[in-house]
Amino acid sequence: MLTRPLGATAGDFLTKPVAKGGLDLGTAGSSAVLLAVLIGLMGYAHIQERRTAVPRDKSLTGVS
């Protein structure tokens, strides 16, 4: 599968020292970045789902 090597590579990049080509965020910093990315992607998916939702026809839902 792709997710395990991709996650390990992303984690290494976020936690490695700058001298070795990373961002040196540490464990807590990299967790915060990954959490922000996860929440951002969930928000994006939610917005896309709401945009493509078919509106209900209220004239058929009941008698007033």
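The values are calculated or read from the model by the stated rules, or taken from the named source; none is laboratory data. Please read these numbers as outputs of a predicted model, since none were measured by experiment. Every residue, glycine among them, receives a Cβ derived from its backbone with ideal geometry; neighbour counts consider all protein chains shown. Please note that ligands, DNA and RNA were not included when accessible areas were found on the heavy atoms of the full protein model with its side chains. Shrake-Rupley method; radii C 1.70, N 1.55, O 1.52, S 1.80 Å.
Structure notes:
- Taken over region 16-31, the criterion of being assigned to a helix (DSSP H, G or I) and open to solvent by less than 60 Å² (accessible area, probe 1.4 Å) is satisfied by Gly26, Gly29, Ser30.
- Filter result for the condition that a residue is modelled with pLDDT under 85 and among the polar types (S, T, N, Q), over Thr9, Thr27, Thr15, Thr61: Thr61
- Look at region 1-26: where a residue is over 18 Å from Leu38 (Cβ atoms) and a partner is surrounded by 10 or more Cβ atoms within 10 Å (Cβ to Cβ) and β-branched (Val, Ile, Thr), sitting 6+ places away or on another chain with Cβ atoms under 8 Å, you get Gly22/Thr15; Asp24/Thr15; Gly26/Thr15.
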